[in-house]
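Every read-out reported here was derived from the displayed coordinates using simple, explicitly stated rules and does not represent laboratory data. If you're wondering where the values come from, they're calculated on a predicted model, not measured in any experiment. With ideal geometry, Cβ positions are generated from the backbone for all residues, glycine too; neighbour counts draw on all protein chains shown.
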Amino acid sequence: MEERTCIGFIEELASSSPTPGGGGAAAMAGAIGVALGSMVGNLTTGKKKYAAVQEDIERMLGEAETLYNRLYGLIAKDAEGFEPLAAAYRLPKNTPEEAAYKEAVMQKELQNACDVPLEIMNCGISGLDLLEEMAEKGSVMAVSDAGAGAAILQGAINAASLNVFINAKSLKDRETAEKLLQETENLLKYGNEKAEKIFNDVKNQLCE
């Protein structure tokens with residue numbers, strides 16, 4: 001991933017290759033959303049008007065850098081996580097033994113394939129918490145960028161959730177599936193409510 005240009009990533013995303021896909025796109029969007037929060041912080045740093053919150057801004061900049069690097073890393077991690085699932089789909093099932101083995105591998109990999117999108121969602125929510133504080137304490141001249149970051153993170157969270165839903169749907173262990181689905185629904189609810197609050201607060205501030 002580190003060797004791709006942005007246009008290279010988009011072109012690969014548009015191709016018939018199964019990876020990168022929705023999960024990788026969600027991680028990339030999340031990294032961009034958090035980076036917009038860093039932009040707000042960097043435009044605030046050193047300004048006399050914001051001297052009282054300088055320590056908070058510096059802390060948030062450090063947290064944001066860690067977070068967007070983590071999200072960026074999840075692009076490759078999502079693709080790597082799909083590979084064993086794709087391999088499981090290709091396993092033969094010509095005999096009862098082969099069919100049973102394929103099913104066991106499939107169930108294991110379907111559950112594993114939920115891990116990265118859930119991590120993307122959790123990172124997205126951490127990013128929203130940062131953006132909310134950055135919108136409150138950062139430069140008013142860049143508050144629109146905090147709102148834009150929140151809107152992008154909302155999309156990333158929603159996009160990542162679909163990868164959980166599609167994999168959990170095929171799990172035979174319904175107790176595990178329901179736990180995954182409930183966790184995803186909880187993250188969706190919190191993330192959407194938080195993102196919409198940040199966006200609307202910023203919009204109202206800009207339209208006063």
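Taking θ = phi - 60°, what integer Hz values does the Karplus form 6.51 cos²θ - 1.76 cosθ + 1.60 yield along the stretch 62-69, in sequence order, with x for Gly and Pro?
My calculation for the stretch 62-69 gives x, 5, 5, 4, 4, 6, 6, 5 Hz in order.
Could you list the residues of the stretch 25-43 with an amide nitrogen less than 19 Å from a label point located 7 Å from the Cα of MET141 in the Cα-to-C-beta direction?
Within reach of a label on MET141: 36-43.
Which angle between 0 and 90 degrees, to the nearest 10, do you get for helix 115-137 versus the longest principal axis of the chain when only C-alpha atoms count?
Its long axis makes an angle of about 10 degrees.
Among MET106, PRO96, THR19, pick out the residue whose Cα is farthest towards the positive end of the charge dipole of the stretch 1-129, where Lys and Arg carry +1 and Asp and Glu carry -1 on C-beta, about the Cα centre.
With unit charges placed on the Cβ atoms, the residue in question is THR19.
Can you spot the aspartates and glutamates whose alpha carbon is less than 19 Å from LYS189's alpha carbon? Ignore those fewer than 8 places along the same chain.
ASP115, GLU119, ASP129, GLU132, GLU178, ASP201
Strictly over 22 Å apart at the Cα level, which of LYS108/LYS169; LYS77/LYS137; LYS169/LYS197; LYS108/LYS194 would you flag in this model? Spell out each step's value before the answer.
Working: LYS108/LYS169 13 Å; LYS77/LYS137 33 Å; LYS169/LYS197 31 Å; LYS108/LYS194 33 Å.
Flagged as over cut-off: LYS77/LYS137; LYS169/LYS197; LYS108/LYS194.
Quote to one decimal, in nm, the extra length available between CYS207 and SER17 on full extension: 0.36 nm per residue of separation minus the C-alpha distance between them.
64.0 nm
For LEU91, put the label point 7 Å out on the Cα→Cβ axis and report which residues of the stretch 103-121 keep their amide N under 16 Å from it.
Backbone N within reach: 103-113.
Could you give me D for the chain, from Stokes-Einstein at 10 °C and 1.306 mPa s, where the hydrodynamic radius is the Kirkwood radius over C-alpha pairs? Units µm² s⁻¹, please.
Translational diffusion coefficient: 87 µm²/s.
When the convex hull of the C-alpha atoms of the stretch 114-208 is computed, what volume per residue in Å³ does it have?
Working: hull volume 6.6 nm³, N = 95.
It comes to 70 Å³ per residue, whole-number rounded.
Please work out the FRET efficiency for the pair ALA100 and GLN182, using the Cβ-Cβ distance as r and a Förster radius of 30 Å; give the result to the nearest 0.05.
Using R0 = 30 Å, I get an efficiency of 0.55.
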